[in-house]
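S.K.: This is the structure, below, for whatever I ask next.
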Amino acid sequence: MELHLLLLLAAAHLLAFAGASAIEVDNATTTYIVFMDPARMPAAHASPAGWHAAHLQSLSIDPDRHLLYSYSAAAHGFAAALLPHHLPLLRGSPGVLQVVPDEVFHLHTTRTPEFLGLLSPAYQPAIHGFEAATHDVVIGVLDTGVWPESPSFADGDLPPPPARWKGVCEAGVDFPPSVCGRKLVGARSFSRGLRAANGGGGARAGVGRRGFVSARDRDGHGTHTATTAAGAVVANASLLGYATGTARGMAPGARVAAYKVCWPEGCLGSDILAGIDAAVADGVGVLSLSLGGGSAPYFRDTVAVGAFGAAAAGVFVACSAGNSGPSGATVANSAPWVATVGAGTLDRDFPAYVTLPTGARLAGVSLYAGPSPAPRPAMLPLVYGGGGDNASKLCLSGTLDPAAVRGKIVLCDRGVNARVEKGAVVKAAGGAGMVLANTAASGEELVADSHLLPAVAVGKLAGDKIREYASRRAGGGGGRPMAMLSFGGTVLGVRPSPVVAAFSSRGPNTVVPEILKPDMIGPGVNILAGWSGVAGPTGLVKDGRRTHFNIISGTSMSCPHISGVAALLKAAHPEWSPAAIKSALMTTAYTVDNTNSSLRDAAGGLLATPFTFGAGHVDPQKALSPGLLYDISTKDYVSFLCSLNYTTPHIQVITKMSNITCPRKFRPGDLNYPSFSVVFKKKPKHVMRFRREVTNVGLAMSVYNVKVSSPASVSVKVTPAKLVFNKVGQKQRYYVTFASTVDASNAKPDFGWISWMSSQHVVQSPVAYTWKI
């Protein structure tokens, strides 16, 4: 192993990065993140960590007892477990910008390289041209840790890590530094915030019965996301025979560094910020965070603050949009310096069927790989509400009557508890099989699971037919209800695909409506990737099955797809900023499925909109050569923050800058973003004008003409209508005037597009229109 295996070099370094320590905190304390003004640091202190400790000491707050982390790379400040009387001391202290409570964040829980075109003959020459450059890109994954023995972390013929890499492989429980290598080049864990929230109690307290106090992944989620982004090529990969083929990450030549910030109890903001801070200092080029919390102003959003520092350091940051769809205004991680990723389906499916005595054969999905519910295909009794109440229809724990369900197929409504938990409840009650039926909340979206017993998931339409049949027969209408389950393996070429997942969180952006979110979608339904060696495919404690790979769904899965593709773009175009990479991904995204129809929404089967898919579904091949880029500088982001009427200290918290100068005229919509979100005011005939600047990264002497698609409720004028670029790198500005033609009280959200078209490229930006009532 030629990894730079530093153990911890100094006390300040240990304070900033270590995941396990002997810090003791009082049960009466609450963890806070304290942001500091770096300009106030006295020259006498050699490091921010030393200043932070001394600052606490000056307020009679013992840093040895209360200080948890010191941040300096992605943010300036520290996390501390504080008593109530400490708060006014800190808030009134010079140099302190903001004191905020720690927050709990949550996780947003094979064929994809081919589906994305990464294996197409046309794309292969382009990849080989910069394959060696991907070896210099390290993707940092903040998640539940890593299972280093996964075949997806095999070193293969990778060269040693880049010389600039400063990461370490921390020793911990069941995690010797020797498990890292040339593929997995770093692993750290962060749990001080969690331990403090749980009452402290020493180095091993507070991480729960199922948590390794090390970077080792007991959950599987972190290994899955890391291998999705950059897993090595593994032949004959499958989940219990499903999705058999060659597994590979989006950027199989890139390196992986794991930062374990999530534990069975959740992910604490102080631990996440410590992970981001360490990753930036280590030298990652891409950060992938498949987690999120609620909506809050960016200066109170730990992920947004840390991501800003990372982006300012040249690190591309991708975050999951959340799994709170199909409800609107649910998107998480909405800061404009973050790539916010929603989820779509693949063209691969795992069909299964429910056959009724009426002759109806209703299609669903399943990843069940065990014996059939009967020795040979046969009808079994079907029961719905096997406990006599509505709770039993949901198959909640303890609601099924064994006498009513034993030996039968149980129909369960989707919702409230986890899908795989419903199967476990049915099995524990003696059921022979399960039909998991969607309700209106999930519509026709089908998510396959590797249940502990024979089970088929069906959409709402099929579910309603089965519910009606079971209820009618149980009520005496033609004998007792019966059903038969059968399983169809793996099917490719499913049409239509992609479809926006019903669970994928949607806009509009509630923090800043003038920024359209999500930014894009990627594959996030039924994704095969690496898995933990101590977790079954369902993740349930009672699941004793073990597999190298698992198939799961969520925006947690779509996020690392974008992280991996961003690593490819960073290798191909090392001069591009994180904003430029995101621009390339967005303006080349597609909005039609494999039937050449507009993308649809799984929630209701209707046409999807930019509130669900952003700019569209990522297209890595086109993103390599986008033609034009919308770039954004740190100064631009500062102007954007000023336009939100944030106070100077709030802007300093996010930017780490001591001197903030705000422009006199700048609106949130003036940010040079690759999409538009136009929010008209209540007054009639409201007109808004925005400016954009594009940079030519295509050919010299390129000419682009604008094409506008707009609804009847808005008139749009772009000036100039033609852009001429004499050389590569040249910048050109254009202006867009949007005029509302309807009364705000009668208007509903609507959408359009602004596209710049040349003989080589189409540079497309979605436009969302909303009206304040």
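The values are calculated or read from the model by the stated rules, or taken from the named source; none is laboratory data. Just so it is clear, the structure is predicted and the values come from calculations on it, not from any experiment. Cβ: placed from backbone, ideal geometry, glycine included. Neighbour counts: every protein chain shown. Side chains included, ligands, DNA and RNA excluded: accessible areas come from the protein's heavy atoms. Shrake-Rupley method; radii C 1.70, N 1.55, O 1.52, S 1.80 Å.
S.K.: Provide the net charge surrounding residue 387, with neighbours chosen by a C-beta distance below 9 Å and charges set as Lys +1, Arg +1, Asp -1, Glu -1.
M.R.: Details: positive: 393; negative: 389, 401.
Here the charged neighbours net out to -1.
S.K.: What residues have an amide H closer than 5 Å to that of residue 82, excluding those fewer than 5 places away on the same chain, when H is modeled at 1.01 Å from N in the peptide plane?
M.R.: 30, 31, 32
S.K.: Once amide H atoms are placed 1.01 Å from N in the peptide plane, what residues at a sequence separation of 5 or more from residue 483, or on another chain, have their amide H within under 5 Å of its amide H?
M.R.: The list, which skips near neighbours in sequence, is 380, 382.
S.K.: Can you check what the net charge comes to around residue 607, using other residues whose Cβ is under 10 Å from the Cβ of residue 607 (Lys, Arg +1; Asp, Glu -1)?
M.R.: Numbers: positive: 600; negative: 601.
In short, 0.
S.K.: Mind jotting down the distance between the C-alpha centroids of region 33-60 and region 68-84, whole Å?
M.R.: Each part's Cα centre sits 10 Å from the other's.
S.K.: So what are region 356-479's ellipsoid semi-axes, whole angstrom, largest first, if each one is the square root of 5 times an eigenvalue of the alpha-carbon gyration tensor?
M.R.: Numbers: eigenvalues 62, 56, 53 Å².
The equivalent ellipsoid of region 356-479 has semi-axes of 18, 17, 16 Å.
S.K.: Can you classify the chain as rounded, prolate or oblate using the Cα gyration tensor, where a ≥ b ≥ c are the square roots of its eigenvalues, rounded means a/c under 1.5, and otherwise it's prolate if a/b beats b/c and oblate if not?
M.R.: On the way: a/c = 1.57, a/b = 1.19, b/c = 1.32.
It is oblate, given that a/c is not under 1.5 and a/b is not larger than b/c.
S.K.: Got a number for carbon plus sulfur as a percent of the chain's accessible area, 1.4 Å probe?
M.R.: Numbers: 14790 of 27680 Å².
In the chain, the share of accessible area belonging to carbon and sulfur is 53 percent.
S.K.: If one puts a single equal scatterer on every Cα of region 30-100 and applies the Debye formula without solvent, what log₁₀ I(q)/I(0) results at q = 0.14, 0.22, 0.29 Å⁻¹?
M.R.: Debye intensities relative to I(0), on a log10 scale: -0.34, -0.91, -1.74.
S.K.: What order do you get for 524-535, 750-761, 75-86 when each peptide is scored by the mean count of other beta carbon atoms within 10 Å, highest first? Mind dumping the intermediate values first?
M.R.: On the way: 524-535: 26.1, 750-761: 17.5, 75-86: 22.9.
Result, highest mean first: 524-535, 75-86, 750-761.
S.K.: Turning to a different aspect of this structure: Computed on alpha carbon atoms, what radius of gyration and Dmax characterise region 639-721, expressed in Å?
M.R.: Just the Cα atoms of region 639-721 yield Rg and Dmax of 17.0, 47 Å.
S.K.: Over region 278-335, what relative contact order in percent results from Cα pairs under 8 Å that are six or more residues apart?
M.R.: On the way: 64 pairs, mean separation 23.8, N = 58.
The value is 41 percent.
S.K.: Please list, in order along region 552-561, the HN-Hα scalar couplings obtained from phi with the Karplus expression 6.51 cos²θ - 1.76 cosθ + 1.60 (θ = phi - 60°), rounded to whole Hz, x for Gly and Pro.
M.R.: 9, 9, x, 5, 4, 7, 6, 4, x, 4
S.K.: Give me the net charge of residue 578's neighbourhood, meaning all other residues with Cβ under 13 Å from the Cβ of residue 578; Lys, Arg count +1, Asp, Glu -1.
M.R.: Details: positive: 570, 582; negative: 519, 575, 631, 636.
Within the 13 Å Cβ shell, the charges total -2.
S.K.: Using alpha carbons only, how many angstrom separate the centre of region 244-263 from the centre of region 621-648?
M.R.: When both Cα centres are located, 28 Å separates them.
S.K.: Rounded, prolate or oblate for region 675-770? Axes are the square roots of the Cα gyration tensor eigenvalues, ordered a ≥ b ≥ c, and the cut-off for rounded is a/c under 1.5. Show your work: numbers first, answer last.
M.R.: Values: a/c = 3.10, a/b = 2.52, b/c = 1.23.
Judged from the Cα gyration tensor, region 675-770 comes out prolate (a/c at least 1.5, a/b above b/c).
S.K.: Something else now. Using a/c under 1.5 as the rounded threshold, could you call region 462-597 rounded, prolate or oblate? The axes a ≥ b ≥ c are square roots of the C-alpha gyration tensor eigenvalues, and prolate needs a/b larger than b/c, oblate otherwise. Provide the component values of the computation, followed by the final result.
M.R.: Details: a/c = 2.48, a/b = 1.74, b/c = 1.43.
Prolate, since a/c reaches 1.5 and a/b exceeds b/c.
S.K.: State the cysteines of the chain left without a partner when partners are defined as other cysteines whose beta carbon lies under 4.7 Å away.
M.R.: Those would be 319, 559, since no other cysteine Cβ in the chain comes under 4.7 Å of theirs.
S.K.: Further question on the same structure: Tell me, what is the Rg over Rh of region 580-718, with Rh the Kirkwood radius over Cα pairs?
M.R.: On the Cα set of region 580-718, Rg over Rh gives 1.01.
S.K.: Tell me, what HN-Hα J-couplings in whole Hz come from the Karplus equation 6.51 cos²θ - 1.76 cosθ + 1.60 at θ = phi - 60° for each residue of region 638-648, using x for Gly and Pro?
M.R.: Here the 3J(HN,Hα) series is 4, 4, 4, 5, 4, 5, 8, 6, 6, 6, 4 Hz.
S.K.: Working from the alpha-carbon coordinates of region 216-302, get Rg over Rh, Rh being the Kirkwood radius.
M.R.: Numbers: Rg = 15.4 Å, Rh = 14.9 Å.
With Rh from the inverse mean 1/r over Cα pairs, Rg/Rh is 1.04.
S.K.: To continue, here is another question. Hey, can you find the accessible area per residue of the chain for me, probe 1.4 Å, expressed in square angstrom? Don't jump to the answer; show the numbers that get you there.
M.R.: On the way: 27680 Å² over 773 residues.
Per residue, the chain has an accessible area of 36 Å².
S.K.: Give me a comma-separated list of calculated 3J(HN,Hα) values for region 618-631, in order, Karplus coefficients 6.51, -1.76, 1.60 applied at θ = phi - 60°, integers in Hz, x for any Gly or Pro.
M.R.: Residue by residue, region 618-631 yields 4, 10, x, 4, 6, 5, 4, 9, x, x, 10, 10, 9, 9 Hz.
S.K.: May I pose another question? Can you give me the C-alpha center-to-center distance between region 222-242 and region 756-773, rounded to a whole angstrom?
M.R.: Cα centroid of region 222-242 versus Cα centroid of region 756-773: 36 Å apart.
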